[in-house]
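**Student:** I'd like to ask you about the structure that follows.
Read-outs throughout are calculated quantities, based only on the coordinates presented, and are distinct from any laboratory measurement. Worth saying up front: this structure is predicted, and the values here are computed from it rather than measured. Counting neighbours? That spans all protein chains shown, and the Cβs are built from the backbone with ideal geometry, glycine included.
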Amino acid sequence: MGQLRANSDRPLADRVGCEPYCGANLLDRLSSSSTLEFYYRYMMAREREVVLQRVSLKTGTVLSVGCGWHPGRHLFPAPAFRLVAVDADPARVAGVESAGRADQAFVGYAGRLDLARETFDVVLYRLVLHHIVFHEPLHACFAEATRLLRPGGTLVAIEPGLWHPVGLGLALANHTGLGVAAHATPDDIPLSPRRLLGEARRAGLVPELHAVTYAWRRLVPALQRALRPLDTALGSRPRAAGFGHTLLMVARKPY
Ligand SMILES: C[S@@+](CC[C@H](N)C(=O)[O-])C[C@H]1O[C@@H](n2cnc3c(N)ncnc32)[C@H](O)[C@@H]1O
């Protein structure tokens, strides 16, 4: 993993969280905000569809790690779900709290959370593991999820996939040092489906993989719409799911 940094002599707060975002990047110059919005709305609906099908919970306690501004209420609505949100960035935690998007929010670091074991029905990593992997291996995040989940509980991870053409392009840009110029950050590391599944299994979970979508947020809406039938037709087939642009892994903790 070329991006991994030997930086353990820096303070912890400097070694976690997302790297700065460079607005002057190529892809953002090419994309309109309405195109991005069109995609995000669909992506959230599609995530909801898969979670509803595969996580058979009507109520429960959810821990959203790396909650950002959006801790996952679209997947686990109030008041049925109690949502606890954690992020390395105090500004995002304050934002989530003041907007009332979670029942509780605090600053904390994935893999280093001081929470009681077996207290959550769901642990959610949405678009965060692919940032964390820039700084450190993912084992601690998966081991922590297993520790915090109740028996029968579910880890839900939603991350960009490496095997999609866009994921391969991103990895190539990162590898050649063009990551920031092309797509704004150096820590946008698409994850291989095999790695996600392997990490979950090593942590004692029983995973399954789905593709949220095979489309890409930069494509014109007509093309995005044309690709949508693939998502429902192929997105939950074991051999095809791993080629999605965005992957959704559901991993259960056995009783
Ligand atoms: C791309 S945002 C995703 C936010 C949110 N989950 C969502 O789906 O919109 C990634 C978030 O992960 C947080 N983050 C990155 N590394 C972290 C870590 N090691 N521990 C906790 N949060 C982290 C960042 O501060 C950022 O808010």
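**Student:** Once the other residues with Cβ under 14 Å from the Cβ of residue 204 are scored (Lys, Arg +1; Asp, Glu -1), what is the net sum?
**Tutor:** Net charge around residue 204: +4.
**Student:** Calculate the spin-label point distance for residue 255 paired with residue 34, positioning each point 7 Å from the Cα along the beta-carbon direction, and give it in nanometres.
**Tutor:** 5.3
**Student:** Under the 0.36 nm per residue contour assumption, what length would be gained going from the current alpha-carbon distance of residue 240 and residue 116 to full extension?
**Tutor:** Taking 0.36 nm per residue and subtracting the Cα distance, the gain is 40.9 nm.
**Student:** For the chain, treating each Cα as an identical point scatterer without solvent, what Debye log10 I(q)/I(0) comes out at q = 0.11 1/Å?
**Tutor:** Here the Debye-derived log intensity ratios amount to -0.57.
**Student:** How big is the dipole moment of the chain about its Cα centre under a simple scheme where the beta carbon of each Lys and Arg is +1, that of each Asp and Glu is -1, and everything else is neutral? Debye, nearest 20, please.
**Tutor:** That gives a dipole near 800 debye.
**Student:** Where in the chain are the DSSP H helices whose alpha-carbon span along the long axis reaches 27 Å or more and whose Kyte-Doolittle mean is at least -1.0?
**Tutor:** 33-54
**Student:** Next question. How far apart, in nm, are the 7 Å Cα→Cβ label points at residue 175 and residue 80?
**Tutor:** 4.3
**Student:** Right, another one. With the chain treated as a Gaussian network of Cα nodes joined by springs under 10 Å, which of 45, 116, 78 yields the largest mean-square fluctuation?
**Tutor:** Looking only at 45, 116, 78, the biggest GNM fluctuation is shown by 116.
**Student:** Follow-up. For segment 55-106 and segment 118-160, what is the separation of their C-alpha centers, rounded to whole Å?
**Tutor:** That distance is 14 Å.
**Student:** Right, next: Need the full-extension length gain, residue 58 to residue 195, defined as separation in residues times 0.36 nm minus the C-alpha distance. One decimal, nm.
**Tutor:** Extra length available between residue 58 and residue 195 comes to 46.3 nm.
**Student:** Which value in nm describes the separation of the simple spin-label points at residue 140 and residue 26, placed 7 Å from the Cα toward the beta carbon?
**Tutor:** 3.4
**Student:** Residues of segment 171-193 with backbone nitrogen within less than 19 Å of a virtual label 7 Å along the Cα-to-Cβ line of residue 19, please, listed as ranges.
**Tutor:** 171-192
**Student:** Taking only DSSP H segments of four or more residues, each worth -39500 (n - 2.57), what value at 222 nm results for the chain once the sum is divided by all its residues, to the nearest 500 deg cm²/dmol?
**Tutor:** The per-residue figure over the chain is -11500 deg cm²/dmol.
**Student:** May I ask you to sort 185, 213 by Cβ crowding, counting other Cβ atoms within 10 Å and putting the fewest first?
**Tutor:** 185, 213
**Student:** Between residue 97 and residue 228, what's the calculated FRET efficiency when r is the beta-carbon distance and R0 is 41 Å? Round to 0.05.
**Tutor:** Calculated transfer efficiency: 0.70.
**Student:** Which residue, chosen from 141, 246, 186, occupies the Cα position most advanced towards the positive end of the dipole of the chain, where the dipole is computed from +1 (Lys, Arg) and -1 (Asp, Glu) charges on Cβ about the Cα centre?
**Tutor:** Working it through, the farthest residue towards the positive pole turns out to be 246.
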